[in-house]
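Inspection log for the structure reproduced underneath, given as structure tokens.
The values are calculated or read from the model by the stated rules, or taken from the named source; none is laboratory data. Quantities reported herein were computed from a predicted structural model and do not represent experimental measurements. Here Cβ is always computed from backbone atoms with ideal geometry, including for glycine, and neighbour counts include all displayed protein chains. SASA here: full protein model, heavy atoms, side chains in, ligands and nucleic acids out. Shrake-Rupley method; radii C 1.70, N 1.55, O 1.52, S 1.80 Å.
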Amino acid sequence: MLIHTLGAYAQRNTDDHPPAYTPGYKTSVLRSPKNALISINETLTEVTSPHFSPSLFGPKDNDLILNYAKDGLPVGERIIVHGYVRDQFGHPVKNALLEVWQANASGRYRHPNDKFIGAMDPNFGGCGRILTDENGFFIFRTIKPGPYPWRNRINEWRPAHVHFSLIADGWAQRLISQFYFEGDTLIDTCPILKTIPSEEQRRALIALEDKNNFIESDSRCYRFDIHLRGRRATYFENDLT
Amino acid sequence: MNAWNFQELKETPSQTGGPYVHIGLLPQQANIEVFEHNFNNQLVSEKTQGQRIRLEGQVFDGLGLPLRDVLLEIWQADANGVYPSQADTQGKTVDPNFLGWGRTGANFETGFWSFNTIKPGAVAGRKGSTQAPHIAVVLFARGINIGLNTRIYFDDEIEANANDPILNSIEWATRRQTLIAKRTEVDGEVVYRFDIRIQGEDETVFFDI
């Protein structure tokens, strides 16, 4: 009898991602392998992944407005970001660890190596984390980050963005990326965003304002969905053991 | 788009973790106290089964200079070769005191990184084969557009390494050496040194997994 069980993850489509060597983003030049990646038949190592217990998470972990607040609230536009994590076949990715980090409203990071003149906000740390629910849904609250200058060409500014990281069901799904905000005029010229060759894929990193959801006189809302790789079925003979 | 293609979602594209990756993933390294529980490079507790080892090394760029902003994660089986994951189908008993995963950032001054863990057992490979003990590694940093995946093997597993299906799938036998950690003992502690060269002479093998 033909039985459907889970096998290897579908091969990554490298055209959907930036290549390692992207001279427009200068730092990649010395940090990109010259040799081709070796493609391997996945084993248990690549289809397994750590599991994180909900007990590791505190009630403010997904609330960047409150989780570092000391004497008051952080300055800036209050926003809520929500969305779904799904695999490429549309299945919800449950209990995935989503971690986010960002600059404050001035475009300044709370990091010893950030020397930008933009003001530090004493009430903003800039990090949060969430476990997706049974439907792959996540939500967090934060301050909209500001754009900031960086050394690439002399006058280079990053569009406002939030970094994010996902650990899901398989090591092969491990992903780090950044999302941007609809309407930001810096998006079109960003050398880091332009490392992604496909326009459709660059657009996939832009969160859209969700006008049906908001907190009146308090917060606007953005929607951002994330898609990870999915597993093939073993009836096509891709047994892992 | 052809109308007769069934709809699949495209994977969300990768972007660099950037220079401030620590804020989100290792906030304490950026001097940020937000979370009650922080992830780190200590994979063992007193109850964990297996031989204690320390993994350490540096990551070098195309000029041979250490990356001082790189973040590394490791994922490995327990001492019996079992992954603490529902997707492990070997049917063996898993060590309940081992998460199998850790995360660390290179030292901001020296670029050195380390993990305290146990030596993993051998895990089944495909079609009845056995994989040599190994640890999966992924690197993220400024200038790295998509996480670089590699594996750590051990230089005291000569026979197992010679039969490992993944090592043997690397066509250039000399490049397999870039995945072998070197064992030393420091003050009675077992240390495996594993340097990663992103680019240039002796470039480490990276995998498309």
Per the rule of 0.36 nm per residue minus the C-alpha distance, extending B:Thr130 to B:Glu171 adds in nm 12.8 nm
Once both label points are put 7 Å beyond Cα along the C-beta direction, the A:Leu186-B:Asp195 separation in nm becomes 3.8
Whole-Hz Karplus couplings 3J(HN,Hα) for region B:107-121, θ = phi - 60° and coefficients 6.51, -1.76, 1.60, Gly and Pro as x, run 4, 4, 9, 9, x, 6, 10, 7, 10, 9, 8, 10, 6, x, x
Expected vector for region B:181-192, Karplus 3J(HN,Hα) from phi with 6.51, -1.76, 1.60 and θ = phi - 60°, integer Hz, x for Gly and Pro, equals 7, 9, 7, 9, 10, 10, 6, x, 9, 7, 10, 10
With the 8 Å Cα cutoff and a minimum separation of six or more residues, chain B has a relative contact order in percent of 24
In whole Hz, the Karplus estimates of ³J(HN,Hα) for region A:35-40 (6.51, -1.76, 1.60; θ = phi - 60°; x where Gly or Pro) are 7, 5, 5, 8, 7, 10
Of A:Leu56, A:Leu193, A:Leu205, the most mobile residue in a GNM of chain A (C-alpha springs, cutoff 10 Å) is A:Leu56
Once amide hydrogens are built 1.01 Å from N within the peptide plane, the residues lying 5 or more places from B:Gln131 or on another chain with amide H under 5 Å from its amide H are B:Val123, B:Ala124, B:Gly125
Rg (one decimal) and Dmax (whole number) from the Cα set of the protein assembly as shown, in Å, equal 21.5, 68
Per residue convex hull volume, Cα only, chain A, in Å³ is 163
Output ordering of A:174-184, A:64-74, B:36-46 (per-residue mean of other Cβ within 10 Å, highest first) is A:174-184, A:64-74, B:36-46
Expressed in angstrom and rounded, the centroid-to-centroid distance over alpha carbons for region A:77-119 and region B:79-129 is 27
For chain B, the accessible surface attributable to carbon and sulfur atoms (probe 1.4 angstrom, ligands and nucleic acids excluded) amounts in percent to 48
The percentage of the accessible area of region A:149-190 (probe 1.4 Å, all protein chains present) made up of carbon and sulfur atoms, to the nearest whole number, is 50
Computed on Cα atoms only, the convex hull of region A:60-187 has an orientation-averaged projected area in nm² of 9.1
For A:Gly83, other-chain or 5+-apart residues with amide H closer than 5 Å (H placed, Pro excluded) are A:Phe138, A:Phe224
Pseudo-spin-label distance A:Ile215 to B:Thr184, built 7 Å along Cα→Cβ, given in nm, is 5.4
With the full set of protein chains present, the residues of region A:162-182 whose 1.4 Å probe accessible area falls by 50 Å² or more relative to the chain alone are A:Trp171, A:Arg174, A:Ile176
Over region B:121-202, the quotient of the Cα radius of gyration and 2.2 N^0.38 Å is 1.20
Heavy-atom accessible surface buried between B and A, both sides counted, 1.4 angstrom probe, nearest 100 Å², is 7600
Note: A:51-57 gets an average of partner chain Cβ contacts (10 Å, Cβ to Cβ) equal to 3
Interchain or sequence-distant (5+) residues whose placed amide H lies within less than 5 Å of the amide H of A:Phe181 are A:Ala207
Of the listed pairs A:Lys94/B:Lys47; A:Lys144/A:Lys194; A:Lys60/B:Lys10, those with alpha carbons more than 26 Å apart are A:Lys94/B:Lys47; A:Lys60/B:Lys10
The correct pair for region B:1-144, radius of gyration to one decimal and Dmax as a whole number, both in Å and from Cα atoms, is 18.4, 58
To the nearest Å², the heavy-atom accessible area per residue of the protein assembly as shown with 1.4 Å probe amounts to 44
Rounded to whole Å, √(5λ) for the Cα gyration tensor eigenvalues of region B:70-209, largest first, gives 23, 19, 16
Taking N as the number of residues in region A:142-206, the ratio of its alpha carbon radius of gyration to 2.2 N^0.38 Å works out to 1.22
